[in-house]
1. Looking at P275, is it farther than 24 Å from G399 by Cβ, open to solvent by less than 60 Å² (accessible area, probe 1.4 Å) and modelled with pLDDT of 75 or more?
2. Given the range 11-100, what helices (runs of 4 or more DSSP H) lie entirely inside it while holding 1 or more residues that are at pLDDT 80 or above and of a type in the set (F, W, Y)?
3. Assuming I168 fulfils every condition listed in (1) modelled with pLDDT under 80; (2) closer than 20 Å to V409 by Cβ; (3) of a type in the set (A, V, I, L, M) apart from one, which condition is it?
4. What do you reckon, is I7 open to solvent by 60 Å² or more (accessible area, probe 1.4 Å), at pLDDT 70 or above and touching a Leu at 6+ places or on another chain (Cβ under 9 Å)?
5. Need at least 1 residues that are open to solvent by 70 Å² or more (accessible area, probe 1.4 Å) and closer than 14 Å to M80 by Cα per element, so show me which helices (runs of 4 or more DSSP H) inside the range 108-223 make the cut, counting only ones lying wholly within it.
6. Mind checking which residues of the range 306-351 are open to solvent by 80 Å² or more (accessible area, probe 1.4 Å), part of a loop (DSSP other than H, G, I, E, B) and more than 22 Å from S372 (Cβ to Cβ)?
7. Tell me whether the range 383-397 contains one or more residues that are in contact with a Leu (Cβ under 6 Å, 6 or more places away or on another chain) and within 28 Å of Y315 (Cβ to Cβ).
8. Failed condition for E107, given (1) within 22 Å of the chain's Cα centre (by Cα); (2) at pLDDT below 80, with all others met?
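The values are calculated or read from the model by the stated rules, or taken from the named source; none is laboratory data. Just so we're clear, the structure is a prediction, and the values are computed from it rather than from any experiment. A quick note on method: Cβ atoms are made from the backbone with ideal geometry, for glycine too, and the neighbour counts reach across all protein chains shown. Accessible surface is based on the protein model in full, side chains and every heavy atom, while ligands, DNA and RNA are left aside. Shrake-Rupley method; radii C 1.70, N 1.55, O 1.52, S 1.80 Å.
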Amino acid sequence: MGFTQTIKDIWSVEDLRKRIGITLLLVIIYRFGCYVVLPGINPDDLMALKNFTSGGLMQLLDMFSGGAFSQASIFALGIMPYITASIVIQLLGMVLPSFQKMQREGESGRMKLNQYTRYLTVLILVLQGPAYLVNLKYQVSAAGGVVNMTAWTMAFMTIVLAAGSMFIMWLGERIDQKGVGNGISFIILIGIIARLPEAFFQEFTSRLLNSAGGGLVLFLVEIVILLAVIAGAVLLVQGVRKVPVQYAKKIVGNKQYGGVRQYIPLKVNAAGVMPIIFAQAIMFIPITLAGFSNKQTGLWGALTDMYGWTYNIIYFLLIVAFTYFYTAITVRPAQMAEDMKRNNGFIPGVKPGKPTVDYLDSIMSRITLPGSIFLGIVAIMPAIAYVFGINRSFASFFGGTSLLIMVGVILDTLRIVEGHLLMRHYDGLMKGTRIQGRAGGPGY
């Protein structure tokens with residue numbers, strides 16, 4: 001009854017109803033484009049490409065593109081070039097004073113950074129397009145097909161691929177403006193979820209066909225474990241440690257009159273999925289170099305086995321290290337302490353200035369450790385699931401970047417919908433609680 005009433009409340013809000021409708025329409029357009037094959041490519045010759053994208057980095061790229069990568073679609077490069085450009089611009093904002101200045105300029109600075117991000121995205125597309133087409137030609141040829149890949153054909157197809165990715169960016173911006181949620185993140189979410197039914201069905205049939213008597217029980221156990229991992233990811237995304245701060249309204253002499261107590265929300269996982277992305281970038285180096293070397297044994301072979309213990313232990317340690325590194329860059333206790341001092345605030349029992357900085361730094365160090373360990377466990381869960389016999393497609397949903405993106409985007413979208421309902425004096429999506437997204441929940 002409660003769920004039915006929530007749906008009725010959502011449908012009764014005209015603006016929210018229109019936004020959800022526009023979002024669904026744009027998603028349908030995106031999914032339709034994922035099946036439009038590049039001109040001159042025979043879809044029947046793409047089986048080798050699908051096998052090539054069944055694991056490793058290619059599987060990740062194919063997942064983020066909603067299967068368009070393995071289908072040689074006009075959307076094959078997906079939104080990943082834009083994400084790469086955004087990460088580069090974000091890192092430049094941490095080290096270059098000129099980019100830091102633009103970040104502090106408000107809306108005008110944000111527009112400049114977005115423009116630079118688009119320029120860099122186009123540059124990445126121009127580089128990635130030919131590389132994808134060369135690999136496509138090789139895979140199609142391996143399947144017995146023929147692709148006439150002349151210089152002019154490659155240039156034309158590169159333009160088509162670049163236009164497809166830019167069109168996806170445009171769809172994301174339209175969702176931002178007229179739909180519900182963050183457009184780019186929502187498109188990535190749809191691409192990931194699009195592969196879930198097929199992976200779910202493959203795992204279900206394999207358990208029924210290959211296991212004697214207990215196949216269905218094993219499948220149900222897998223579902224329970226998957227739900228537990230998702231619940232843990234929700235806690236990881238929402239986990240916050242609140243530090244009380246007393247703000248004075250009026251100070252006369254050494255006495256404080258009035259005042260209000262607020263909280264600084266310090267996130268358990270302030271780095272988000274960035275440590276996983278950085279660690280993956282490093283761990284894919286030996287896998288990439290393996291294509292130019294015949295060495296597949298010893299330590300080199302272990303570093304190229306994405307489901308081996310050596311690879312995943314190093315991967316786990318890198319995630320823990322990058323979590324501390326990225327948190328140290330993004331969360332600045334000295335700036336927090338300065339802001340509190342400027343607004344006549346202080347942490348009860350802690351002196352202003354350096355003691356406050358040290359206190360906040362110690363709090364961040366303590367809460368980042370369990371957060372980084374749990375983030376590392378979530379990241380290597382697909383490999384653990386694969387070791388226990390789960391097929392690769394379904395195992396990828398047990399953790400890693402895909403799971404954290406799914407959880408974070410869904411929570412953000414639900415939080416936005418709940419905000420629309422609360423603004424119009426309806427109950428939220430869940431009684432007695434409030435949904436908290438990656439940006440923090442109500443009251444922060």
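1. Details: farther than 24 Å from G399 by Cβ: no; open to solvent by less than 60 Å² (accessible area, probe 1.4 Å): yes; modelled with pLDDT of 75 or more: yes.
It is false that P275 is farther than 24 Å from G399 by Cβ, open to solvent by less than 60 Å² (accessible area, probe 1.4 Å) and modelled with pLDDT of 75 or more.
2. Numbers: elements: 14-33, 47-52, 56-64, 80-95.
By residue number, 14-33, 80-95.
3. The number of the failed condition is (1).
4. On the way: open to solvent by 60 Å² or more (accessible area, probe 1.4 Å): yes; at pLDDT 70 or above: yes; touching a Leu at 6+ places or on another chain (Cβ under 9 Å): no.
Taking the combined requirement at face value, the residue does not satisfy it.
5. On the way: elements: 151-178, 183-194, 196-210.
So the answer is 151-178.
6. N343, N344, G349, K351
7. First pass over the range 383-397, keeping only residues in contact with a Leu (Cβ under 6 Å, 6 or more places away or on another chain): none.
No, there is no match, as no residue in the range 383-397 is in contact with a Leu (Cβ under 6 Å, 6 or more places away or on another chain) and within 28 Å of Y315 (Cβ to Cβ).
8. Going through (1) within 22 Å of the chain's Cα centre (by Cα); (2) at pLDDT below 80 one by one, E107 breaks only (1).
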